Amino acid sequence: MEARVLTMNGDARTISAEHLTALDADLRGDLLLPESPDYDAARTIWNAMIDRRPGLIARCSGAADVIRAVTFAAEHDLLLAVRGAGHNIAGKGVCDGGFLIDLSQLRSVHVDPRRKVATVDPGATLGDLDAETQVHGLAVPVGINSTTGIAGLTLGGGFGWLSRKHGLTIDNLRSANVVTANGDALVASEEENSDLFWGLRGGGGNFGVVTSFEFDLCEVGPEVLSGLVIHPLSAAPDLVRFYREYAADLPADLNVWLVLRKAPPMPFLPPEVHGKEVAILAAFWSGDLDAGERLLKPLREYGTPIADVISPHAYTAWQTAFDPLLTPGVRNYWKSHNFLELSDGLVDAALDYTARLPSDQTEIFFGRLGGAVNQVPSDATAYPHRDAEYVMNVHARWEDPRDDDACMSWARSYFSDTEKYATGGVYVNFVPDGEAPIDAAYGANYDRLVELKRKYDPTNLFRFNQNIVP
């Protein structure tokens, strides 16, 4: 059995049966061809807009498999993609025609509660991580959807409800085991290969394949105060300005995000509201519950909300609360800006575009940063956006391919109309394929990343990503 696989220069190369047999024998995991039974499962990812067919897939069972697969790709000059949990919006976890290293079966999480440290495999999801750490009342600051992969989230930066108190995901990374382009297995930390450790914290998958992450854990939960306050869009002009003032001085334990969308058919909403445009304040407090009730009182007493469902929840339950709105198999397209403030012009534009959303599942959210995120110098990690107070995700989401143009055009138009209020930086994990200059993701850190790329991947083997060209 032979395989036709694309090389890095775009030519198709025939991999002989002899080479495939040798690779298969070396792997503890599975070597998959397009006719293999598990091929489609290995290539299918979260965003249904991405439907790519690799020429060959190595479904790895451990770091040794990764070393062998990387070495094989380099020896044969193959176009290489690396998949963790497959949640990347740009679909960078799978390539057409090339060689895919699939890490999705590597989902182990080991927690040392005494040291407050977690060791995490690269295929683990946020749900996998939360389930193991919360047994001990511990957590890593991560994102807001439990099916997101820890690898992609971390390598891009990683932010969520805990970030104002405990920083980005990368700010809690202790070390990583990395397979570099020449097949070396390195440890990256402040003490070992510190330059690589700097680059991994925000530089994406440009420098190697991470086979294990080690995180510091913070004390959280198991119960937090969280939930939603939902208002009609008609109340949003004053509501958003109230939110802007309220959010300006939040204590670090408190985070409140603004979400603009059509009301989903949730049981706590009256049926007549379903499908109507709403403004949602999503609140999270990780400290003493009574203190949280006092701090959230002004937010809950403002105006006449449609619903107020803030209450004590298990942290793990809150971490899955938005999963029903982010299920796989739907078409997704994102655009993103960072902001220093929610200016009047930005607010007006956001509400104008919310009044003409292109689908029932599309939303605009403003995630509140600040706090611990902004206390780290901009050059301390590859992720440079330490001045941003808000990150905006324009999340167009729909099911019918015939709606592609309408939904993507709406998102692009809104992105363009709000660019003048933004910092000019962009969160690398929110960038669609090829739609932002890479230096916008890294700012003044970009030149240092290029030098790092020249050191650890001079041939650009790891190019199927938001690529830093050596």
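Got a number for residues in the range 387-396 being assigned to a loop (DSSP other than H, G, I, E, B), buried (at least 18 other Cβ atoms within 10 Å of the Cβ) and of a type outside the set (A, V, I, L, M, F, W, C)?
Step one: filter the range 387-396 for residues assigned to a loop (DSSP other than H, G, I, E, B), giving 387-389.
If we keep only those that are buried (at least 18 other Cβ atoms within 10 Å of the Cβ) too, we end up with 388-389.
If we keep only those that are of a type outside the set (A, V, I, L, M, F, W, C) too, we end up with 389.
Total satisfying the criteria: 1.
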Screening Asp352, Asp439, Asp387 for residues that are under 18 Å from Ala247 (Cβ atoms) and without any contact (Cβ under 8 Å) to a residue 60 or more places away in the chain leaves only Asp387
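I'd like the full set of residues that are of a type outside the set (S, T, N, Q) and farther than 26 Å from Ile280 by Cβ, limited to the range 368-386.
Quick first cut of the range 368-386, residues of a type outside the set (S, T, N, Q) only: 368-373, 376-377, 379-380, 382-386.
Within the range 368-386, Val376, Pro377, Asp379, Ala380, Ala382, Tyr383, Pro384, Arg386 meet the criteria.
Condition test on Asp352, is it over 28 Å from the mean Cα position of the chain (by Cα) and within 30 Å of Lys420 (Cα to Cα)?
When the stated conditions are applied, Asp352 does not pass them.
Which of the residues that make up the range 184-214 are aliphatic (A, V, I, L, M), more than 23 Å from Ile438 (Cα to Cα) and in contact with a helix residue (DSSP H, G or I) (Cβ under 8 Å, 6 or more places away or on another chain)? If you could, list the steps in order and put the result at the bottom.
So the first thing to find is which residues in the range 184-214 are aliphatic (A, V, I, L, M), and the list is 185-188, 196, 200, 209-210.
Within this subset, residues satisfying the condition of being more than 23 Å from Ile438 (Cα to Cα) are 185-188.
Result: Ala185, Leu186, Ala188.
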Of the listed residues (Gly227, Gly208), the one being closer than 19 Å to Arg454 by Cβ and not assigned by TED's automatic domain parsing to the domain that holds Ala73 is Gly208
Of the residues in the range 202-222 that are modelled with pLDDT of 95 or more and within 18 Å of Ser286 (Cβ to Cβ), the one that is surrounded by the fewest Cβ atoms within 10 Å (Cβ to Cβ) is Glu219
Going through the range 322-349 in order, the residues found to be surrounded by fewer than 17 Cβ atoms within 10 Å (Cβ to Cβ), of a type in the set (S, T, N, Q) and within 17 Å of the chain's Cα centre (by Cα) are Thr327
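Taking the condition under 30 Å from Tyr383 (Cα atoms), in a strand (DSSP E or B) and among the charged types (D, E, K, R), does Glu245 pass? It would help to see each step written out before you state the result.
Numbers: under 30 Å from Tyr383 (Cα atoms): yes; in a strand (DSSP E or B): no; among the charged types (D, E, K, R): yes.
So Glu245 does not fit the description; no.
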### Query
Are any of the residues in the range 397-416 polar (S, T, N, Q) and either under 16 Å from the mean Cα position of the chain (by Cα) or crowded, with 16+ Cβ neighbours inside 10 Å (or both)?
no
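Taking Pro267 as the residue in question, decide whether it is of a type outside the set (Lys, Arg), without any contact (Cβ under 8 Å) to a residue 12 or more places away in the chain and part of a loop (DSSP other than H, G, I, E, B). Spell out the reasoning first.
On the way: of a type outside the set (Lys, Arg): yes; without any contact (Cβ under 8 Å) to a residue 12 or more places away in the chain: yes; part of a loop (DSSP other than H, G, I, E, B): yes.
Taking the combined requirement at face value, the residue satisfies it.
Would it be correct to say that Gly199 is assigned to a loop (DSSP other than H, G, I, E, B) and either buried (at least 24 other Cβ atoms within 10 Å of the Cβ) or outside the structural domain of Thr71 (by TED's automatic domain parsing) (or both)? Don't jump to the end; show me each part of the working.
On the way: assigned to a loop (DSSP other than H, G, I, E, B): no; either buried (at least 24 other Cβ atoms within 10 Å of the Cβ) or outside the structural domain of Thr71 (by TED's automatic domain parsing) (or both): yes.
Here the answer is no, as Gly199 does not meet what is asked.
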Exactly one of Leu100, Leu168 is buried (at least 19 other Cβ atoms within 10 Å of the Cβ), in a strand (DSSP E or B) and in contact with a Pro (Cβ under 9 Å, 6 or more places away or on another chain), and that one is Leu100
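Please find, among Arg300, Arg294, the residue that is at pLDDT 95 or above, in contact with a strand residue (DSSP E or B) (Cβ under 6 Å, 6 or more places away or on another chain) and either within 23 Å of Val373 (Cβ to Cβ) or of a type outside the set (A, V, I, L, M, F, W, C) (or both). Step through it out loud before you land on a result.
On the way: Arg294 fails: in contact with a strand residue (DSSP E or B) (Cβ under 6 Å, 6 or more places away or on another chain).
Of the residues listed, the single one that is at pLDDT 95 or above, in contact with a strand residue (DSSP E or B) (Cβ under 6 Å, 6 or more places away or on another chain) and either within 23 Å of Val373 (Cβ to Cβ) or of a type outside the set (A, V, I, L, M, F, W, C) (or both) is Arg300.
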Condition set crowded, with 19+ Cβ neighbours inside 10 Å and of a type in the set (D, E, K, R), scope the range 48-97, selection farthest from Gly149 (Cα to Cα): answer is Arg68
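The values are calculated or read from the model by the stated rules, or taken from the named source; none is laboratory data. Model, not experiment: these values are computed from the prediction. Glycine also receives a Cβ, built like all others from the backbone with ideal geometry; neighbour counts cover every protein chain displayed.
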